[in-house]
1. Determine the per residue accessible area of region 87-198 with all protein chains present and a 1.4 angstrom probe, expressed in square angstrom.
2. Tell me which aspartates and glutamates have Cα within less than 14 Å of residue 145's Cα, excluding those fewer than 8 residues away on the same chain?
3. Residues with beta-carbon under 15 Å from that of residue 77, excluding residue 77: net charge, scoring Lys, Arg +1 and Asp, Glu -1?
4. On the accessible surface of region 69-198, probed at 1.4 Å, how many percent belong to carbon and sulfur atoms?
5. Please report, largest first and rounded to whole Å, the three semi-axes of the ellipsoid equivalent to region 35-171, where each semi-axis is the square root of five times an eigenvalue of the C-alpha gyration tensor.
6. Through the Karplus equation 6.51 cos²θ - 1.76 cosθ + 1.60, θ set to phi - 60°, convert the phi angles of region 164-176 into ³J(HN,Hα) values in whole Hz; use x for Gly and Pro.
7. What order do 129, 44 take when sorted by accessible area (1.4 Å probe), most exposed first?
8. Straight-line reach from residue 87: which aspartates and glutamates fall under 20 Å, measuring Cα to Cα and dropping same-chain residues less than 8 apart?
Amino acid sequence: MLCSFRKLCSPVGGLVRSGASSKLQAACTLTTVAPCKAPLTHVDASGNAHMVDVSDKPPTLRTAIARGHIQMTKETFDLIKQDKIKKGNVLTVAQVAGIQGAKSCSQLIPLCHPIGLTKASVAFTMSDDLPLGHRVDIEAHVRCKGETGVEMEALAAVSAAALTVFDMCKAVSKDMRIGGIRVVEKSGGKSGRWTSDE
(Lines give C-alpha, C1' and ligand atoms only; values in the text may rest on other atoms or scores of the structure.)
Protein backbone atom coordinates (compact mmCIF):
# COMPACT_ATOMS: atom_id res chain seq x y z
CA MET A 1 0.00 0.00 0.00
CA LEU A 2 1.31 3.41 -1.00
CA CYS A 3 1.08 5.95 1.83
CA SER A 4 2.52 9.37 2.55
CA PHE A 5 2.56 11.67 5.54
CA ARG A 6 2.07 15.43 5.72
CA LYS A 7 1.22 17.93 8.44
CA LEU A 8 -1.84 20.12 8.51
CA CYS A 9 -3.12 22.62 11.04
CA SER A 10 -6.42 21.55 12.57
CA PRO A 11 -8.40 22.13 15.81
CA VAL A 12 -8.34 18.38 16.37
CA GLY A 13 -5.03 16.52 16.68
CA GLY A 14 -4.33 13.05 15.34
CA LEU A 15 -4.26 11.19 12.03
CA VAL A 16 -6.77 11.82 9.28
CA ARG A 17 -7.09 9.25 6.51
CA SER A 18 -8.23 10.41 3.11
CA GLY A 19 -9.77 8.27 0.37
CA ALA A 20 -7.95 6.33 -2.32
CA SER A 21 -6.51 8.13 -5.35
CA SER A 22 -8.22 7.87 -8.71
CA LYS A 23 -5.21 6.12 -10.32
CA LEU A 24 -4.50 3.67 -7.54
CA GLN A 25 -7.53 2.61 -5.51
CA ALA A 26 -5.32 0.87 -2.96
CA ALA A 27 -3.33 4.03 -2.29
CA CYS A 28 -4.07 6.23 0.69
CA THR A 29 -2.79 9.35 2.40
CA LEU A 30 -2.31 9.46 6.13
CA THR A 31 -2.30 13.06 7.23
CA THR A 32 -0.66 14.10 10.49
CA VAL A 33 -2.86 16.81 11.94
CA ALA A 34 -1.14 19.33 14.16
CA PRO A 35 -3.20 20.96 16.92
CA CYS A 36 -4.10 24.64 16.59
CA LYS A 37 -5.40 27.15 19.04
CA ALA A 38 -9.15 26.86 18.42
CA PRO A 39 -11.66 29.64 19.09
CA LEU A 40 -14.31 27.09 20.05
CA THR A 41 -14.83 26.73 23.79
CA HIS A 42 -15.58 23.01 23.51
CA VAL A 43 -12.07 22.33 22.18
CA ASP A 44 -9.04 22.84 24.42
CA ALA A 45 -5.58 24.12 23.44
CA SER A 46 -4.47 20.58 22.56
CA GLY A 47 -7.41 20.01 20.24
CA ASN A 48 -9.30 17.72 22.60
CA ALA A 49 -13.06 17.96 23.06
CA HIS A 50 -14.16 18.76 26.61
CA MET A 51 -17.11 20.06 28.59
CA VAL A 52 -16.58 23.72 29.43
CA ASP A 53 -16.01 24.45 33.13
CA VAL A 54 -18.70 26.94 34.19
CA SER A 55 -17.95 26.72 37.91
CA ASP A 56 -16.88 30.37 38.18
CA LYS A 57 -19.85 31.79 36.28
CA PRO A 58 -22.56 33.47 38.36
CA PRO A 59 -26.03 31.97 37.86
CA THR A 60 -28.34 34.26 35.92
CA LEU A 61 -31.80 33.94 34.43
CA ARG A 62 -31.38 32.34 31.00
CA THR A 63 -34.05 32.08 28.33
CA ALA A 64 -34.18 30.85 24.75
CA ILE A 65 -36.81 30.62 22.03
CA ALA A 66 -36.45 28.28 19.06
CA ARG A 67 -38.66 27.69 16.06
CA GLY A 68 -39.05 25.19 13.25
CA HIS A 69 -41.68 23.55 11.08
CA ILE A 70 -42.73 20.32 9.43
CA GLN A 71 -44.27 20.44 5.96
CA MET A 72 -46.79 17.83 4.82
CA THR A 73 -49.49 17.01 2.31
CA LYS A 74 -52.94 18.57 2.58
CA GLU A 75 -54.37 15.15 3.51
CA THR A 76 -52.03 14.77 6.48
CA PHE A 77 -52.57 18.39 7.50
CA ASP A 78 -56.35 17.97 7.51
CA LEU A 79 -56.20 14.71 9.51
CA ILE A 80 -54.09 16.41 12.21
CA LYS A 81 -56.45 19.39 12.28
CA GLN A 82 -59.49 17.13 12.60
CA ASP A 83 -57.78 14.87 15.18
CA LYS A 84 -58.25 11.80 12.99
CA ILE A 85 -54.74 10.32 13.09
CA LYS A 86 -55.12 6.73 14.35
CA LYS A 87 -52.19 6.93 16.79
CA GLY A 88 -53.92 9.69 18.74
CA ASN A 89 -53.83 13.45 19.12
CA VAL A 90 -50.69 14.41 17.23
CA LEU A 91 -50.01 17.82 18.73
CA THR A 92 -50.62 16.72 22.32
CA VAL A 93 -48.11 13.88 22.01
CA ALA A 94 -45.64 16.11 20.16
CA GLN A 95 -45.94 18.78 22.85
CA VAL A 96 -45.00 16.32 25.58
CA ALA A 97 -42.17 14.97 23.41
CA GLY A 98 -40.82 18.49 22.91
CA ILE A 99 -40.74 19.15 26.63
CA GLN A 100 -39.05 15.79 27.19
CA GLY A 101 -36.55 16.68 24.46
CA ALA A 102 -35.58 19.87 26.27
CA LYS A 103 -35.11 17.96 29.53
CA SER A 104 -33.03 15.25 27.83
CA CYS A 105 -30.74 17.52 25.81
CA SER A 106 -27.54 16.73 27.72
CA GLN A 107 -28.10 13.01 27.09
CA LEU A 108 -28.28 13.60 23.34
CA ILE A 109 -25.60 16.26 22.78
CA PRO A 110 -22.32 15.04 24.32
CA LEU A 111 -20.82 18.29 25.62
CA CYS A 112 -24.02 19.98 26.82
CA HIS A 113 -24.29 20.55 30.56
CA PRO A 114 -27.17 18.94 32.46
CA ILE A 115 -29.37 21.92 33.33
CA GLY A 116 -32.12 22.30 35.91
CA LEU A 117 -34.79 23.84 33.72
CA THR A 118 -37.43 26.02 35.37
CA LYS A 119 -39.65 26.21 32.28
CA ALA A 120 -40.10 24.35 29.00
CA SER A 121 -43.10 24.87 26.75
CA VAL A 122 -43.94 23.98 23.16
CA ALA A 123 -46.66 25.57 21.02
CA PHE A 124 -47.95 24.78 17.52
CA THR A 125 -49.58 26.76 14.73
CA MET A 126 -51.32 25.04 11.84
CA SER A 127 -50.47 27.02 8.74
CA ASP A 128 -51.33 26.61 5.06
CA ASP A 129 -50.06 29.89 3.63
CA LEU A 130 -47.53 30.07 0.81
CA PRO A 131 -44.70 29.52 0.04
CA LEU A 132 -44.18 26.67 2.51
CA GLY A 133 -47.66 25.25 2.03
CA HIS A 134 -49.32 22.95 4.57
CA ARG A 135 -47.22 22.72 7.69
CA VAL A 136 -47.11 22.73 11.47
CA ASP A 137 -45.06 25.61 12.89
CA ILE A 138 -43.35 24.82 16.19
CA GLU A 139 -42.09 27.23 18.85
CA ALA A 140 -40.33 26.27 22.08
CA HIS A 141 -39.64 28.49 25.12
CA VAL A 142 -37.07 27.32 27.66
CA ARG A 143 -35.85 28.99 30.84
CA CYS A 144 -33.49 28.31 33.73
CA LYS A 145 -31.46 30.08 36.38
CA GLY A 146 -27.94 28.83 35.89
CA GLU A 147 -24.38 29.23 34.66
CA THR A 148 -24.96 28.37 31.00
CA GLY A 149 -27.56 29.07 28.35
CA VAL A 150 -30.54 27.01 27.19
CA GLU A 151 -30.35 27.49 23.41
CA MET A 152 -29.61 23.81 22.84
CA GLU A 153 -32.53 22.78 25.03
CA ALA A 154 -34.89 24.96 22.98
CA LEU A 155 -33.56 23.47 19.75
CA ALA A 156 -33.91 19.96 21.15
CA ALA A 157 -37.53 20.69 22.09
CA VAL A 158 -38.42 21.82 18.57
CA SER A 159 -36.56 18.88 17.01
CA ALA A 160 -38.22 16.27 19.23
CA ALA A 161 -41.65 17.77 18.61
CA ALA A 162 -41.14 17.76 14.83
CA LEU A 163 -39.87 14.18 14.82
CA THR A 164 -42.86 13.11 16.87
CA VAL A 165 -45.27 14.70 14.38
CA PHE A 166 -43.51 12.69 11.67
CA ASP A 167 -43.76 9.47 13.69
CA MET A 168 -47.44 10.00 14.46
CA CYS A 169 -48.32 10.66 10.80
CA LYS A 170 -45.96 8.47 8.77
CA ALA A 171 -48.59 5.76 8.27
CA VAL A 172 -50.68 8.29 6.32
CA SER A 173 -47.81 9.78 4.32
CA LYS A 174 -44.05 9.81 4.60
CA ASP A 175 -43.90 12.91 2.42
CA MET A 176 -43.07 15.27 5.30
CA ARG A 177 -40.11 17.61 5.58
CA ILE A 178 -38.67 19.04 8.79
CA GLY A 179 -36.89 22.37 8.44
CA GLY A 180 -36.19 25.89 9.58
CA ILE A 181 -35.03 24.86 13.04
CA ARG A 182 -33.18 27.78 14.60
CA VAL A 183 -32.81 29.92 17.72
CA VAL A 184 -34.67 33.21 17.35
CA GLU A 185 -34.03 34.74 20.75
CA LYS A 186 -31.91 34.28 23.87
CA SER A 187 -31.21 36.27 27.01
CA GLY A 188 -29.00 36.08 30.09
CA GLY A 189 -25.34 35.46 30.67
CA LYS A 190 -22.37 37.56 29.63
CA SER A 191 -23.62 38.20 26.10
CA GLY A 192 -27.03 39.36 27.32
CA ARG A 193 -29.99 39.55 24.99
CA TRP A 194 -29.85 38.47 21.35
CA THR A 195 -32.55 38.22 18.70
CA SER A 196 -32.35 36.99 15.13
CA ASP A 197 -32.84 39.32 12.17
CA GLU A 198 -35.81 37.37 10.77
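The values are calculated or read from the model by the stated rules, or taken from the named source; none is laboratory data. Remember, it's a predicted structure, so these values are computed and weren't measured experimentally. Reconstructed Cβ throughout: ideal geometry from the backbone, glycine too, with neighbour counts over all protein chains shown. Just so you know, the surface numbers come from the protein's heavy atoms only, side chains and all, with ligands and any DNA or RNA stripped out. Shrake-Rupley method; radii C 1.70, N 1.55, O 1.52, S 1.80 Å.
1. Values: 6030 Å² over 112 residues.
Accessible surface, normalised per residue, equals 54 Å².
2. In chain and number order, the partners are 153.
3. 0
4. 53
5. 35, 16, 13
6. With coefficients 6.51, -1.76 and 1.60, one gets 5, 4, 4, 4, 5, 10, 5, 5, 7, 7, 8, 7, 10 Hz.
7. Order by accessible area, largest first: 129, 44.
8. Hits, sequence-local ones excluded: 75, 78, 167, 175.
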